[in-house]
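K.L.:
Can you read through this structure? Questions will come right after.
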Amino acid sequence: MKGTDLKIVDLLSKDAIASDLKADNKEDVLREMVNLLYNAGKINDKEKALEVLLDREKLGSTGVGYGVAIPHGKYNAIDNLVAAFGRSKKGIDFDAVDHKPVHIFFLFLASEDAANLHLKVLARSCRLLKRDTFRESLMHAENEDDIMKVIAREEVSMS
């Protein structure tokens with residue numbers, strides 16, 4: 001996958017999306033999203049993936065504000081880059097920079113070899129998530145299929 005052709009929707013699969021996260025704290029959100037990746041067959045070691053994400057959070061919260069968090073980390077047990085999406089209708093305290101609850105989570109794990117791609121996907125997700133209409137559409141999507149459609153539609157409009 002070339003960076004210029006990179007689409008977040010291409011990294012996601014429906015079984016790595018949770019339209020209603022059950023977690024109510026930061027660690028449990030990360031655990032729930034890692035479980036999505038594991039159950040989707042994207043990763044093999046849940047505990048290592050969770051450790052990578054928690055270590056990254058110790059450096060500073062990936063809660064970027066506006067009800068959004070983009071947890072990410074380097075995970076060498078994969079070949080490239082994997083993604084998961086989660087939505088919390090109630091909102092979760094994720095130590096976001098604006099101190100507000102987080103509702104929308106994009107999680108990315110990348111191998112060391114995919115560092116450049118990792119940075120590009122983080123930048124792309126930030127550009128997408130700055131759009132109020134995109135965040136609102138994600139919050140109103142009814143299910144995992146709708147979430148995929150919202151992301152795909154927004155990425156096409158961004159191209």
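The values are calculated or read from the model by the stated rules, or taken from the named source; none is laboratory data. Since the model is a prediction, treat every value here as computed from it, not as a measurement. Cβ coordinates were reconstructed from backbone atoms using ideal geometry, including for glycine residues, and neighbour counts include every protein chain displayed.
K.L.:
Counting only residues that are within 18 Å of Ala84 (Cβ to Cβ) and out of contact with any Gly (no Cβ under 9 Å at 6 or more places or on another chain), how many does region 130-159 have?
P.N.:
From region 130-159, those within 18 Å of Ala84 (Cβ to Cβ) are 134-135, 138-139, 141, 143-152, 154-155; that's our starting set.
With out of contact with any Gly (no Cβ under 9 Å at 6 or more places or on another chain) added as a condition, the list becomes 134, 138, 141, 143-152, 154-155.
Number of matching residues: 15.
K.L.:
Of the residues that make up region 113-122, is at least one touching an Asp or Glu at 6+ places or on another chain (Cβ under 9 Å), in contact (Cβ under 8 Å) with a residue 24 or more places away in the chain and among the aliphatic types (A, V, I, L, M)?
P.N.:
Yes, the conditions are met somewhere in region 113-122.
K.L.:
From the list Ala23, Ala16, Ala40, exactly one residue is at pLDDT 95 or above and in contact with a Phe, Trp or Tyr (Cβ under 8 Å, 6 or more places away or on another chain). Which is it? Spell out the reasoning first.
P.N.:
Details: Ala23 fails: in contact with a Phe, Trp or Tyr (Cβ under 8 Å, 6 or more places away or on another chain); Ala40 fails: in contact with a Phe, Trp or Tyr (Cβ under 8 Å, 6 or more places away or on another chain).
Going through Ala23, Ala16, Ala40 in turn, the sole match is Ala16.
K.L.:
Does Val156 qualify as being farther than 20 Å from Leu36 by Cβ, over 12 Å from the mean Cα position of the chain (by Cα), without any contact (Cβ under 8 Å) to a residue 40 or more places away in the chain and not in a helix (DSSP H, G or I)?
P.N.:
Numbers: farther than 20 Å from Leu36 by Cβ: yes; over 12 Å from the mean Cα position of the chain (by Cα): yes; without any contact (Cβ under 8 Å) to a residue 40 or more places away in the chain: yes; not in a helix (DSSP H, G or I): no.
It is false that Val156 is farther than 20 Å from Leu36 by Cβ, over 12 Å from the mean Cα position of the chain (by Cα), without any contact (Cβ under 8 Å) to a residue 40 or more places away in the chain and not in a helix (DSSP H, G or I).
K.L.:
Still on this structure, I have one more. If only one of Ala77, Ala123, Ala84 is at pLDDT below 95, small (Gly, Ala, Ser) and under 16 Å from Val34 (Cβ atoms), which one is it? Lay out the reasoning, then the answer.
P.N.:
Details: Ala123 fails: under 16 Å from Val34 (Cβ atoms); Ala84 fails: at pLDDT below 95.
So the residue among Ala77, Ala123, Ala84 that is at pLDDT below 95, small (Gly, Ala, Ser) and under 16 Å from Val34 (Cβ atoms) is Ala77.
K.L.:
Just checking, which of Glu142, Glu136, Glu154, Glu112 is in contact with a Phe, Trp or Tyr (Cβ under 8 Å, 6 or more places away or on another chain) and either of a type in the set (Asp, Glu) or at positive phi (or both)? Lay out the reasoning, then the answer.
P.N.:
Working: Glu142 fails: in contact with a Phe, Trp or Tyr (Cβ under 8 Å, 6 or more places away or on another chain); Glu136 fails: in contact with a Phe, Trp or Tyr (Cβ under 8 Å, 6 or more places away or on another chain); Glu112 fails: in contact with a Phe, Trp or Tyr (Cβ under 8 Å, 6 or more places away or on another chain).
Only one candidate qualifies: Glu154.
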